[in-house]
Amino acid sequence: MATNSSEMPIPRRRRARAAFDRQFLPRFATPQRGSGHGGDTSTFMRAIMAQPHQVGAIAPSSSRVGRLAAGIVPDHDGAVVVELGPGGGHITDIIRDRMPSGGRLVAVELNDDMVRHLERSRPWLELIAGDASDLVGLLADAGIKQADAIVSALPWTLLGHDSQRRILDQVLEVLAPDGRFTTITTLSAWPFPSCVEFRRMLREAFGQVKALGPVWANVPPAIVLSCGDPR
Ligand SMILES: C[S@@+](CC[C@H](N)C(=O)[O-])C[C@H]1O[C@@H](n2cnc3c(N)ncnc32)[C@H](O)[C@@H]1O
């Protein structure tokens, strides 16, 4: 029987390579400084080289991961949504597209290069240059006491136990009683003690913790943890 090459199974390594190419090559090929995905990715890559532990990822999150993380944006008027670690701004854009009328989107970013990039490329964003460990104070300075949703892409598994605890406590202090929290972790980090410990903290802090994914087309494959019913 003649073999049609389009019907042959694609080896896993080629599928992963194709996913990587789809996610990044167009952006590298057409860099546009300061705006759009080209500017986002090149800023991200420079920040990784300069401060790998602070950025904590080898590439920006894919749109699929962004959509899962932003899935908690409420639809009621005037909702307050906080993003922790917006980085190049890819998930920020996805959150913005879902914001209800009169809503407020506030992002907290620690890395100076990312902050400059976001200020240039997204003048509409209410951006706070600061550390998520000081979330309660930073939001209070911006006149916010409570958030309806908090979307995080912080590199939790690279943080020590004390930092994880402190940031999570701050999140819990500002999250509304019916608020929701999402965070992203990579599949490769999943079995490591810091990730196991972080998931244990989440289960302790929230009545509901759902793992969405894995998203295989993300580089590296990622899982979104979606949490509700804060205790
Ligand atoms: C893994 S990157 C995610 C970037 C982007 N949101 C994405 O998903 O592609 C983590 C981001 O968190 C920022 N970050 C790390 N620690 C932080 C902290 N304590 N407070 C605020 N931002 C932090 C890093 O600078 C970086 O921009």
(message) Looking at the stretch 135-151, can you tell me whether even one residue there is at negative phi, touching a residue at least 60 places away in the same chain (Cβ under 8 Å) and within 10 Å of the ligand (Cβ to nearest atom)?
(response) yes
(message) What's the total number of residues in the stretch 92-105 that are surrounded by fewer than 18 Cβ atoms within 10 Å (Cβ to Cβ) and of a type outside the set (S, T, N, Q)?
(response) 5
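List the strands (runs of 3 or more DSSP E) inside the stretch 166-231, counting only whole elements, that have at least 3 residues being in contact (Cβ under 8 Å) with a residue 60 or more places away in the chain, within 16 Å of the chain's Cα centre (by Cα) and more than 17 Å from Leu84 (Cβ to Cβ).
Details: elements: 175-186, 206-215, 222-230.
Output list reads 206-215.
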(message) List pairs: first residue in the stretch 91-119 and under 27 Å from Arg46 (Cα atoms), second residue modelled with pLDDT under 95 and away from the ligand (no atom under 15 Å from the Cβ) anywhere in the structure, Cβ distance under 8 angstrom, at least six positions apart or on different chains.
(response) His117/Gly34
(message) So Ser61 ticks every box in (1) at pLDDT 80 or above; (2) within 24 Å of Gly130 (Cβ to Cβ); (3) out of contact with any Leu (no Cβ under 9 Å at 6 or more places or on another chain); (4) more than 12 Å from the ligand (Cβ to nearest atom) but one. Which box is left unticked?
(response) (4)
(message) For the stretch 64-111, which positions are within 7 Å of the ligand (Cβ to nearest atom) and not in a helix (DSSP H, G or I)?
(response) Leu84, Gly85, Pro86, Gly87, Gly88, Val108, Glu109, Leu110, Asn111
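Return the residues of the stretch 152-162 that are within 13 Å of the ligand (Cβ to nearest atom) and either more than 23 Å from Ala59 (Cβ to Cβ) or in contact with a Lys or Arg (Cβ under 8 Å, 6 or more places away or on another chain) (or both); say none if nothing qualifies. It would help to see each step written out before you state the result.
If we filter the stretch 152-162 for residues that are within 13 Å of the ligand (Cβ to nearest atom), which is where we start, we get 152-160, 162.
Passing the criteria: Gly160, Asp162.
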(request) Only one of these is crowded, with 18+ Cβ neighbours inside 10 Å, in contact with a strand residue (DSSP E or B) (Cβ under 9 Å, 6 or more places away or on another chain) and farther than 23 Å from Gly71 by Cα: Leu175, Leu154, Leu138, Leu127. Name it. (result) Leu138
(request) Take Val115 and decide whether it is part of a strand (DSSP E or B) and not hydroxyl-bearing (Ser, Thr, Tyr). (result) no
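The values are calculated or read from the model by the stated rules, or taken from the named source; none is laboratory data. Computed from a prediction, not measured in an experiment: that's the story for all the values here. Every residue, glycine as well, gets a Cβ built from its backbone with ideal geometry; the counts of neighbours run over all protein chains shown.
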